[in-house]
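Laboratory data are not the source of any read-out in this text; all were calculated from the coordinates shown. From a predicted model like this one, the values you see are computed outputs, not experimental measurements. In this analysis, Cβ positions are derived from the backbone assuming ideal geometry, glycine residues included, and neighbour counts consider all displayed protein chains.
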Amino acid sequence: MKTWMMMAILSLGASALAERSTINFNEDWRFARFGAMPDGSERAEPEGLESASLDDSQWRSLNVPHDWGIEGPFRDDLPNRTGKLPWAGIGWYRKTVDAPVSDAGKKIFIDFDGAMSDSKVWLNGEYVGEWPYGYSSFRLDLSNHWKPGEKNTIAVRLDNKPESSRWYPGGGIYRNVRLVKTEPVHVDHWGIFVTTPDVSKKEATISIKTEVAGADDHTIILQEIVEAGVQGEGAHLQIKVANPKLWSLESPTLYTLKTTVKQNGIVVDVVETSFGIRTIEYTSEGFFLNGKKVRMNGVCQHHDLGPLGSAINTRAIERQIEILQEMGVNAIRTAHNPPAPELLDLCDRMGILVQVEAFDCWEKSKAPNDYARHFPEWHEKDLRAMIKRDRNHASVVMWSTGNETREMKKKEDAPVSQMLTDIAKSEDSTRPITYGCNAPNAGWNGFQKTTDLFGYNYKPHLYQKFRNVNPMQPFYGSETASTVSSRGEYFFPVSDEKHLGQGGDFQVSSYDLTAPPWANNPDIEFAAQDKYPWVFGEFVWTGFDYIGEPTPYNQDKTNLLNFSDPAERKRMEEELERLGGNIPPRSSYFGIVDLCGFKKDRFYIYQARWRPELPMAHILPHWNWPERIGEVTPVHVYTSGDEAELFLNGKSLGRKRKGEFEYRLRWDDVVYEPGEVKVVAYKDGKIWAEDLQKTTGNSAKLELVADRSEIAADGQDLSFITVRVVDAEGLVVPRSHNSVQFKIEGPGEIIAVGNGDPTSHESFHALERRVFNGLALVVVRSVKGESGSVVVKADSDGLAAGEIEIEVK
């Protein structure tokens, strides 16, 4: 009896010890900056900062994810193309932990989802590895220098070189970090690959490939699809699932694969992998998801989160996706780099198609210190890491090897593209390879044959020519429109010349007709896609505004790479010369949604097209123009209806119907008078939707509205609070710019403020913000482990104060 009990205890102990341990490693880091400092000074970097004996008690204490650049300050002497923020410089992070004795004999790994950039890592003073590309996720093996039963110190050095980016990259350990402990025999990093080669309504075949480190003849691999209750054994096997629930945009069902590894009969590792059952197919006629033709209504997204900077936050990404889905977006291009894994997790769950992109440049640089300096040694490692990490995501439907690289204009450059395609296909042959191309001749010089899908950036006039040369190749708009606008800004007279429309104070008119020379307004792209229905979709530049690249006030000379026509290039050179010295804009105007998540007018022209079943109408501009009484003030209407009638103070200004290739209704001769402008939209002759713009009274009070009134007490969850300046009737006063002060009480903290003004140099880390055209944003984060009511108060001279309560649970 005693012998049996002893054997049982030993068996249970072995199983307990064998469990994989994944530890959140984000908290309690020490941080210090060297080299270029935020104020423009230089701080010498001492030697020995990796030493375990270094006294770092005076270093700043913080949690990651962390973006040191967003802390500011904005500086006029810094390039506006990268946000005028001090992200360049050297940063050190250190963390000391107690390791249990039970770590003896285990494999110890540290996983970084992303560190910006040129990372080098030490453990207890011993160098353990590096990874230069700031957008790559990577794992380092700490096992040889890990000390069970003792303190262990991890040190990370990051070196953000100036001129290493064309947009704001952020700086720091800006994505999540984990410590992973396993037995010597374990599922390898990203070692599980799930595909669905055969799918029908009755049955799906699930193919599973598993890589196990340290495996031998005594290793057994068990696979179970949890929701289906089916299982199998082996490193390469196929499992049948009856009556599968398919992953789709409308119903993004996910399954869980449970992989169990046994060594000598004892469980040594268990890993769960999320996946979806679905089919994708691209033909010359379009894209098909589960056999159904789907048009990709896509946007390009940079990685920063506006006032939060580059530091990843799951709720902030989720909010962005919610806003985009409201517009009708069903696809995202991760421009121009691998995304945070949380984005893909959310897209899996929320039903969004994703193009995951690897690089913005290859061997030929666009900026002096960009990725080109790493490409020869690191391109294969980075590309394989991206695909292996993300290939189980149901949302991922294509891989992009690059964007507008300088190796695409000549036939001789095709081998570089083909090499990357071959690498990608060696890791995943189930998805097509693509590329974002802005060189016209790349569509017929042989370059196009190096990718499965061909995408043109800003070339709607070449769609038919490409089709004539490549009649069977699937085709889409890989980057479209690039219309620019400032939320709530309108300038007169209204011009259809796309490069005109800029107004004073470095803003851009929101009539949505303005675009840089290489780009177009939305209407032109819509027309091209309607003329050529075999175009399977588009990715608009961009969904949200982002920090950096403030075209048309962008001083970045790499803009010249967008021009193949010498005359247009010359014109751009003259524009760059005209811009001259320091100018204030520090964030983009391209977004359909502004930096804070506030909708611009353009939101509604896309919503009208992408959600035709939604009754909607939208009028622009606002109707507060006391200086324009008696002057022509054009009114545009975006609607999912097919015709509309406009009224000014109850008087009809006529009924208009959309013509062929017409996407907005225009009343260009409206003479302004205060009051109310109203539109009634019709569809199939019946009233469909209404909208109005009303002249407001004077600013009277502050109104606070939260996107969520209840958040989790996990120290990560966020509430985004919109601050509105309204009149006595509660209407937003559209030209108000009041300065607002904020206070907070309870278990929460204000971590960012903003207003969507691309020219503002006010700090994102403050308790005061000027509203921009009636709106500002306050972002509140919970305090970990503390529950209760958070009260946010807003005050502004001359206005009634505003207040809102958020519950933290």
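What to note about this one:
- Computed [θ] at 222 nm, helices only, for the chain once each DSSP H run of length n ≥ 4 contributes -39500 (n - 2.57): -4500 deg cm²/dmol
- From phi via Karplus (6.51, -1.76, 1.60), per-residue ³J(HN,Hα) for segment 25-42 in Hz, x at Gly/Pro: 10, 8, 9, 6, 9, 10, 9, 8, 10, 9, x, 5, 9, x, 8, x, 7, 10
- Label selected from (1) 42.3; (2) 37.7; (3) 44.2, the criterion being mean projected area of the Cα convex hull in nm² as computed here: (2)
- Only alpha carbons enter this Debye calculation for segment 612-694, each as an equal point scatterer, and the log10 of I(q)/I(0) it gives at q = 0.12, 0.18, 0.26 Å⁻¹ is -0.32, -0.68, -1.29.
- Viscosity 1.002 mPa s, 20 °C: Kirkwood-radius Stokes-Einstein D of segment 186-275 over Cα pairs, µm²/s: 157
- When the charge dipole of the chain is built from unit charges on Cβ atoms (+1 for Lys and Arg, -1 for Asp and Glu) and taken about the Cα centre, the candidate among Ser789, Ser709, Pro376 whose Cα reaches farthest toward its positive end is Pro376.
- Each part reduced to its alpha carbon centroid, segment 407-431 and segment 26-71 end up 40 Å apart.
- In loop segments of segment 755-809 as defined by DSSP, the GluC sites (Glu not before Pro) with at most 15 further C-beta atoms inside 10 Å of their C-beta are Glu786.
- Phi to ³J(HN,Hα) by Karplus 6.51 cos²θ - 1.76 cosθ + 1.60 over segment 742-749, Hz, x for Gly, Pro: 10, 9, 9, 10, x, x, x, 9
- A DSSP coil position with no more than 10 other Cβ atoms inside 10 Å describes the following GluC sites (Glu not before Pro) in segment 413-519: Glu497.
- By the beta-carbon count within 10 Å of each Cβ, the least crowded to most crowded order of Asp691, Asp216, Asp530, fewest first, is Asp216, Asp530, Asp691.
- The GluC sites (Glu not before Pro) found in segment 632-684 that occupy coil by DSSP, while having at most 16 further C-beta atoms within 10 Å, are Glu660, Glu662.
- For segment 674-726 and segment 767-809, distance of Cα centres in Å: 17
- The dipole here belongs to the chain: it is taken about the Cα centre, uses +1 on the Cβ of Lys and Arg and -1 on the Cβ of Asp and Glu, and is about 1380 debye.
- Percent RCO, i.e. relative contact order, over segment 442-510, from Cα pairs under 8 Å lying at least 6 residues apart: 27
- Histogram of C-alpha separations across segment 717-809, 10 Å bin width, %: 17, 48, 28, 7, 0
- Once the Cα gyration tensor of segment 19-182 is diagonalised, semi-axes √(5λ) in Å: 30, 16, 12
- Positive dipole terminus of the chain, leading residue within Thr759, Gly328, Thr722 (C-beta point charges): Gly328
- Gap separating the Cα centres of segment 342-402 and segment 235-265, nearest whole Å: 25
- DSSP H segments from the chain that extend 15 Å or more along their own axis, Cα-based, with Kyte-Doolittle mean of 0.0 or above: 2-18
- Summing Cβ point charges (Lys, Arg +1; Asp, Glu -1) relative to the Cα centre of segment 195-268 gives a dipole of roughly 240 debye.
- Fewest-first ranking of Cys347, Cys300, using other Cβ atoms within 10 Å as the exposure measure: Cys347, Cys300
- Across segment 391-407, computed HN-Hα scalar couplings (Karplus, 6.51 cos²θ - 1.76 cosθ + 1.60, θ = phi - 60°) run 6, 8, 7, 4, 6, 7, 10, 6, 10, 10, 8, x, 9, 6, 5, 7, 9 Hz from first to last residue, x flagging Gly and Pro.
- Positive-pole candidate from Pro169, Gln301, Ile108, dipole of the chain, charges at beta carbon: Gln301
- In percent, rounded to a whole number, the relative contact order of segment 701-808 is 38, using alpha-carbon pairs under 8 Å and six or more apart.
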